[in-house]
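Before any comments, here is the structure.
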Amino acid sequence: METIAIDIRGQICPACLLITLREINTHKTVLRDGKARLVIKTDHRDATRTIPSTVCAMGYDINVTGRKGYYEITIGYRK
């Protein structure tokens, strides 16, 4: 499985959500086919709420992991 890594540390919402949605749209075919997952690195705490709630409603699975100094949000497609 391919990992598409996006580092948006330093960005604040709503930019975090908009960048994530753009990347999902760009890679939607491989995400929906289960061939890739999107891994977002962010240091904006609000993004750990806005991104998961929006992306879950679109049918994707989300995992948020706290790292030292940032969060990692992993997005894959729910089959």
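None of the figures in this text is laboratory data; all of them are computed from the coordinates on show. Remember, predicted model here, so these are calculated numbers, not experimental data. Glycine also receives a Cβ, built like all others from the backbone with ideal geometry; neighbour counts cover every protein chain displayed.
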Review point. If you take the residues in the range 1-30 that are part of a helix (DSSP H, G or I) and not hydrophobic (A, V, I, L, M, F, W, C), which one is surrounded by the most Cβ atoms within 10 Å (Cβ to Cβ)?
Key: T20
Check your understanding: Can you spot a residue in the range 35-44 that is in contact with a helix residue (DSSP H, G or I) (Cβ under 6 Å, 6 or more places away or on another chain) and in a loop (DSSP other than H, G, I, E, B)?
Key -> yes
Practice item. Go through the range 45-79 and count every residue that is of a type in the set (G, A, S) and either in contact with a Lys or Arg (Cβ under 9 Å, 6 or more places away or on another chain) or part of a strand (DSSP E or B) (or both). Key: 4
Check your understanding: Pick from D61, D46, D33: which is acidic (D, E), exposed (fewer than 15 other Cβ atoms within 10 Å of the Cβ) and within 14 Å of C16 (Cα to Cα)?
Key -> D46
